[in-house]
Every structure is written in C-alpha cells, then in structure tokens.
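The values are calculated or read from the model by the stated rules, or taken from the named source; none is laboratory data. All values derive from a computational prediction rather than experimental measurement. Here Cβ is always computed from backbone atoms with ideal geometry, including for glycine, and neighbour counts include all displayed protein chains.
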Amino acid sequence: MSDEATDRTVLLSQCRAAVFRAATVTLMAVTCPSRECGVTVSVVDGVIGAHLGMSGECPLGEVRVVDDRVAVADTSEAAASS
C-alpha cells in the first residue's frame, strides 16, 4: 500500500452502508461511496480494500475510512439529579 493512498481519507458517513463486528465494534466492510462503484468492500485496519468498480479499478481502493459518527453521552443521570 502506498503512502499516498493512506494519506487520502473517506468519511464513514459518505459510505452508503457499513458492517461492524458486534463483539468488538470493528468496521469490517463498507459500500464504496464512489458513484462509479457502489460495491461492498472489506475494510482492514481502517483501509478500504482494493476493488473493481463499473469502470475498472476503483480509485477509492486502499483509502482510509474515518469514523465521523457522533457519540451521544447518556445524560439521564445528570438530568435526574438537577
């Protein structure tokens, strides 16, 4: 994997779907966000695997996926004590 590829990133919210391993909450696969692609691709160590799209090799293969989901804190205890 080239250094140039790992410098590029895709946000998880840009992917149409994501598959997580439930036990470890590890990202396992995403649906490629490229318009020319849209295939489900494995993710290893946060990097989209190389794959073929409709027009050949997809340029988003070997690009890092950044999880941009917002974690919402449980504030029920804090609200109850106020």
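Within region 1-17, if we keep just the residues that are in a loop (DSSP other than H, G, I, E, B) and surrounded by fewer than 16 Cβ atoms within 10 Å (Cβ to Cβ), the residue that is modelled with the highest pLDDT turns out to be A17.
Which one is nearest to V70 (Cα to Cα) among residues in region 37-59 that are part of a loop (DSSP other than H, G, I, E, B) and small (G, A, S)? Restricting to residues being part of a loop (DSSP other than H, G, I, E, B) and small (G, A, S), the top hit is G46. Just so you know, in region 45-68 the residues that are over 10 Å from the mean Cα position of the chain (by Cα) and exposed (fewer than 13 other Cβ atoms within 10 Å of the Cβ) include one that is modelled with the highest pLDDT, and it is D45. Taken over region 18-36, the criterion of being surrounded by 11 or more Cβ atoms within 10 Å (Cβ to Cβ) and either assigned to a helix (DSSP H, G or I) or within 15 Å of the chain's Cα centre (by Cα) (or both) is satisfied by A18, V19, F20, T26, L27, M28, A29, V30, T31, C32, P33, S34.
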